[in-house]
Amino acid sequence: MDMFEAVKARQSVRAYQAKEIEPDKLQAILAAVNQAPSAGDLQAYEVYLVRDGETKRALAKAALGQDFIAQAPMALVFAANPARATARYGSRGEQLYCVQDATVAVAYAQLAATALGLATCWVGAFEDEEVTRIMKLPAGQRPVAILPVGYAAETPRRTPRRALTDIVHEHPGR
Ligand SMILES: Cc1cc2nc3c(=O)[nH]c(=O)nc-3n(C[C@H](O)[C@H](O)[C@H](O)COP(=O)(O)O)c2cc1C
């Protein structure tokens, strides 16, 4: 699957088969994450791998009852790690770059998973404090996304997109 096919094939999947993820596929996803760009090469984020059922259920509860998180064989929790970016970039690193680093890492994970025939759903609606507690995140780290990963058990409907002419604004020049 080339890049454009993966971009087109990726959809948010909210029902998963019980089937486990092959270790080589998991490694390929994590390797893709590690290729994501980051501000100043600081990679100011952490990735936490959750396979334990009880922890997944706790995450699902913290994510306002999004139970499909627990249905997937694995969830990746992406956390911004401001400490890695702040030393060099100050408040811009603390407020912005670490969140952007984590965000682009999630996008890479989603596309890599899709290219391998797996499905994901970006979950951003959760109680920060609860996820921080469940994941035992070190002080300062901030959860950015929970990403269940697994084999799809549904074919989701296609979601709408804005017209490019609505999104893209050509600068008239000076
Ligand atoms: C920042 C962000 C937060 C999101 N949070 C959730 C969420 O909490 N639960 C959920 O089911 N989907 C969530 N989504 C997925 C979006 O609903 C989905 O990407 C959008 O509807 C487009 O559908 P598609 O991913 O199938 O193309 C989130 C996506 C993003 C980028």
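Residues in the range 117-139 that are aliphatic (A, V, I, L, M), crowded, with 19+ Cβ neighbours inside 10 Å and within 27 Å of ARG157 (Cβ to Cβ): LEU118, ALA119, VAL123.
When LYS8 is tested against (1) on the phi > 0 side of the Ramachandran plot; (2) exposed (fewer than 13 other Cβ atoms within 10 Å of the Cβ), only condition (1) is not met. Beta carbons closer than 7 Å, at least 6 apart along the sequence or on distinct chains, pair a first residue in the range 53-72 that is touching a residue at least 24 places away in the same chain (Cβ under 8 Å) with a second that is open to solvent by less than 20 Å² (accessible area, probe 1.4 Å) and of a type in the set (Ser, Thr, Tyr) for PHE68/TYR16; GLN71/TYR16; ALA72/TYR16.
Just one of the listed residues (ALA36, ALA28, ALA75) is surrounded by fewer than 19 Cβ atoms within 10 Å (Cβ to Cβ) and under 13 Å from the mean Cα position of the chain (by Cα), and it is ALA36.
The values are calculated or read from the model by the stated rules, or taken from the named source; none is laboratory data. Note that this is a predicted model, so its numbers are computed, not measured. Positions of Cβ are backbone-derived with ideal geometry, glycine not excepted, and every protein chain shown enters the neighbour counts. Ligands, DNA and RNA are stripped out before the accessible areas are found, and what is left, the full protein with its side chains, is counted by its heavy atoms. Shrake-Rupley method; radii C 1.70, N 1.55, O 1.52, S 1.80 Å.
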